[in-house]
1. Considering only the range 232-272, state which residues are polar (S, T, N, Q), surrounded by 16 or more Cβ atoms within 10 Å (Cβ to Cβ) and in contact (Cβ under 8 Å) with a residue 40 or more places away in the chain.
2. In this structure, does T163 turn out to be at pLDDT below 95, more than 14 Å from ligand 2 (Cβ to nearest atom) and among the β-branched types (V, I, T)?
3. If G110 satisfies all but one of (1) touching a Leu at 6+ places or on another chain (Cβ under 9 Å); (2) in contact (Cβ under 8 Å) with a residue 60 or more places away in the chain; (3) not hydrophobic (A, V, I, L, M, F, W, C), what's the number of the condition it fails?
4. Give me a count of the residues in the range 57-76 that are over 16 Å from the mean Cα position of the chain (by Cα), surrounded by fewer than 18 Cβ atoms within 10 Å (Cβ to Cβ) and under 15 Å from L42 (Cα atoms).
5. Do any helices (runs of 4 or more DSSP H) entirely within the range 111-230 hold 2 or more residues that are in contact with a Pro (Cβ under 6 Å, 6 or more places away or on another chain), more than 16 Å from ligand 3 (Cβ to nearest atom) and β-branched (V, I, T), and if so, which?
6. Of all residues in the range 77-110, which are over 15 Å from G38 (Cβ atoms), under 19 Å from the mean Cα position of the chain (by Cα) and surrounded by fewer than 17 Cβ atoms within 10 Å (Cβ to Cβ)?
7. Out of everything in the range 226-246 that is of a type in the set (A, V, I, L, M, F, W, C) and away from ligand 2 (no atom under 16 Å from the Cβ), what residue ends up being farthest from V195 (Cα to Cα)?
8. Please count how many residues of the range 24-36 are at pLDDT 95 or above and over 14 Å from R97 (Cα atoms).
Amino acid sequence: QAKARGRGRHAVYEPSMHEGAVEQFRLAEALQLAVATGAITLEFQPIVELHSGATAGIEALARWHDPELGTVPPSIFIPVAEQAGLIHELGRQVLVRACAELAQWRERTGGDAYAAVNVSPLQLEDDTFPDFAMTVLRDQGLEPRDLVLEVTEGLLLEERSRTTLGALRSHGVRVAIDDFGTGYSSLNRLRQLPVDMIKIDQAFVSPVGSDEGDGAFLRAIIGLAQTLHLTIVAEGIETPHQLDELKATSCSFGQGYLLARPGPITAIPVTLNRSSPLTVEDGSQ
Ligand code: C2E
Ligand code: MG
Ligand code: MG
Ligand code: MG
C-alpha cells in the first residue's frame, strides 16, 4: 500500500515495478475499473498540412491516470487491455469520444479536420466493428471521410483484419498505416495493402539533422509512398531543420512536438499561427 502511494506521488508509472505476473494482474484489475468508470481520457495532437499550417487531422491519444499507480502510458496499458480482453470496450470508448470531440471542434472553429483514431489489431478481428464505427459517425453528424483509422503494419497481413478494413473503406472510412517502416511488410505486400495513408515513424525523422544521417533514407521512403499514391504524414517532427527537410519533399503532412504537443482539443487552432516556424519559412507571398 505504502509502495503504491509512493508511486502515485511520483505521478509517472514505472514499468519495472510491474514486470511480475501478480503486478500485471493488479494493473489489469485497475484498468478494468478505469474502463468501466470511464476514467480513460483523451489528449489530441494536430496533423498539420506542412505548407499552409492548416490542421488537417486530429489524433486522439488515450490517457490513464490512476490515483495509486500514477500516470500509466499507453505503451504499457494498451497491451494490458489487449491481454485482459478490455481493448474492445476501451477502443469503442475512444472512438465515440474522439468523434464527439471532433464534431464539437468543427462546430466551434469551422475547421474541417478529420479524426485520427488508433485501433488495435484485435478490434479489427471483430466483424461488428465497421457497423459500430458507421453508427458512431452518423450519431455525431460526421461523414465516413472524417475518420481515419490508424493501424500498425504487421496486422494488415491477417486476412480477417483485411476484410474488416475493406468493409470500412468501402463505406469511405480511410485507413493509415501507423509507425510505417518499423513493421515487416515486404514491398510487394505494401503495394496490395488496403490503405490510404502512411505515417512515417519517428525513427526515420529523428536522424535528420543529427550525426546519424542526412535524410536520404527518409526521402527514399517518401518516394516509395508517393509511387504508391499514398498520402504521407511524417511523425515526430521536433526541430525546424526536420520540418524544412520535409517541406522540400512530397510529404504534405506532419505531426510532432515542434508543431504541437498532445493536449486538450480546445487548444488546437484551425491553422497554426504566424509566429510558428511553419509560416516563418513560407516566403512565397
Ligand atoms: P502512435 O499512434 O504512433 O502515436 C504517436 C506517439 O508519439 C504518441 O505517444 C505521441 O504523444 C508521441 N509523439 C507525438 N509527437 C512526438 C514528437 O515530436 N516526439 C516524440 N518523442 N513523441 C511524439 P503516446 O500518446 O504515448 O502513444 C503511444 C502509442 O500508444 C501510440 O503511438 C499508439 O500506438 C498507442 N495508443 C495511444 N492511444 C491509443 C488508443 O486509443 N488505442 C490504441 N489501440 N492504441 C493507442
Ligand atoms: Mg497513431
Ligand atoms: Mg505512430
Ligand atoms: Mg508510435
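The values are calculated or read from the model by the stated rules, or taken from the named source; none is laboratory data. What you see is a predicted model, and the numbers here were worked out from it, not measured in a lab. Every residue, glycine as well, gets a Cβ built from its backbone with ideal geometry; the counts of neighbours run over all protein chains shown.
1. S252, Q255, T271
2. Numbers: at pLDDT below 95: yes; more than 14 Å from ligand 2 (Cβ to nearest atom): yes; among the β-branched types (V, I, T): yes.
It is true that T163 is at pLDDT below 95, more than 14 Å from ligand 2 (Cβ to nearest atom) and among the β-branched types (V, I, T).
3. (1)
4. 2
5. Once the helices (runs of 4 or more DSSP H) in the range 111-230 are filtered for at least 2 residues that are in contact with a Pro (Cβ under 6 Å, 6 or more places away or on another chain), more than 16 Å from ligand 3 (Cβ to nearest atom) and β-branched (V, I, T), nothing remains.
6. P79
7. If we filter the range 226-246 for residues that are of a type in the set (A, V, I, L, M, F, W, C), which is where we start, we get 228, 230, 232-234, 237, 243, 246.
Imposing the further condition that a residue be away from ligand 2 (no atom under 16 Å from the Cβ) reduces the set to 228, 243, 246.
Details: L228: 10, L243: 25, L246: 22 Å.
Here the answer is L243.
8. The qualifying residues number 8.
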